[in-house]
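Novice: Starting off with a structure, shown below.
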Amino acid sequence: MKEFDDRELTQFIAFLSGDESAFNLYFDKFYNRVLSFCIQFLHDKEEAKNATQEIFLKLWLEKNKIKTENGIQAFLYTYAKSICINLIRHNKVKNRYVNEQLNKKERQLDIEILQSLDFNTLELLELTEMIDDIIADLPAKTKIVYLKKRFENKKNQEIAVELGVTLKAVEAHMTKALKIFKGRLRNYLPALLLYVFFKF
């Protein structure tokens, strides 16, 4: 086991140093998983293949952001979620119905990521309830801004115009919301997953 751990560490260090053969080992290990993840939500194999190629390119270009070998899988699924959501939005006309469907799809993607990282069903249900409770407890104005950003998919500038406030005010409310989420979930989710689910 020690020899196996040392070999994995050596591979990870080589990957961070720009060793293409080490990268190819991770590519072979995770490619089919990431592709299947993308196909499930894009329903288009060719588009999913293109997305998967982009995801691994992102991994290679931003490898220095990864601190541990376990972070590779989380990084891949995080970016897969982001690119899938963006592609779905790009391919649909924005309206209330579509936004509702996107919200459901994004929640599914979040659950898929957690399941890939070995969260069990009870933990997922508990996490969902905790997030709903935190949203309910947000200060009134912060909650309005957060819901428009997270669930209506609006940009900060759009929210500022709609609410008649400054862009900085919107950013301040989002920062406050993130701080509250981090504080309440710090002992429940690792920092990387907080970044995945509450990146604004």
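Novice: I want to confirm something. Restricting to the range 27-78 and keeping residues that are acidic (D, E) and more than 20 Å from Q11 (Cα to Cα), which single residue is surrounded by the fewest Cβ atoms within 10 Å (Cβ to Cβ)? Working first, answer last.
Specialist: Taking the range 27-78 and keeping what is acidic (D, E), we get 28, 44, 46-47, 54, 62, 69.
Filter again for more than 20 Å from Q11 (Cα to Cα), leaving 44, 46-47, 54.
Details: D44: 14, E46: 9, E47: 15, E54: 14.
Across the range 27-78, the extreme among qualifying residues is E46.
Novice: Considering only the range 11-49, state which residues are of a type in the set (S, T, Y) and at pLDDT below 90. Quick ask: steps written out before the conclusion?
Specialist: Step one: filter the range 11-49 for residues of a type in the set (S, T, Y), giving 17, 21, 26, 31, 36.
Matches in the range 11-49: S36 only.
Novice: Given the criterion assigned to a helix (DSSP H, G or I), modelled with pLDDT under 85 and either in contact with a Cys (Cβ under 8 Å, 6 or more places away or on another chain) or buried (at least 16 other Cβ atoms within 10 Å of the Cβ) (or both), identify the matching residue among L189, L194. Explain how you work it out, then say what you get.
Specialist: Values: L189 fails: assigned to a helix (DSSP H, G or I).
Within the list L189, L194, the selection yields L194.
Novice: Something else now. Within the range 135-176, take every residue that is among the acidic types (D, E) and not in a loop (DSSP other than H, G, I, E, B) and give me the one that is surrounded by the fewest Cβ atoms within 10 Å (Cβ to Cβ).
Specialist: Residues of the range 135-176 among the acidic types (D, E): 137, 152, 158, 162, 171.
From the residues that got through so far, the ones that are not in a loop (DSSP other than H, G, I, E, B) too are 137, 158, 162, 171.
Numbers: D137: 10, E158: 14, E162: 14, E171: 15.
So, considering only residues that are among the acidic types (D, E) and not in a loop (DSSP other than H, G, I, E, B), the one surrounded by the fewest Cβ atoms within 10 Å (Cβ to Cβ) is D137.
Novice: Those residues that are surrounded by 14 or more Cβ atoms within 10 Å (Cβ to Cβ) and of a type in the set (A, V, I, L, M), I need them from the range 1-15; list them, please.
Specialist: Within the range 1-15, just A14 meets the criteria.
Novice: Among the residues of the range 5-14, is there at least one that is part of a helix (DSSP H, G or I) and within 29 Å of I88 (Cα to Cα)? It would help to see each step written out before you state the result.
Specialist: So in the range 5-14, the residues part of a helix (DSSP H, G or I) come out as 5-14.
Of the ones still in play, those that are also within 29 Å of I88 (Cα to Cα) are none.
Checked the range 5-14: no residue is part of a helix (DSSP H, G or I) and within 29 Å of I88 (Cα to Cα).
The values are calculated or read from the model by the stated rules, or taken from the named source; none is laboratory data. Because the structure is a prediction, the values reported are computed rather than measured. Here the Cβ is made from the backbone with ideal geometry for all residues, glycine too, and neighbour counts use every protein chain on show.
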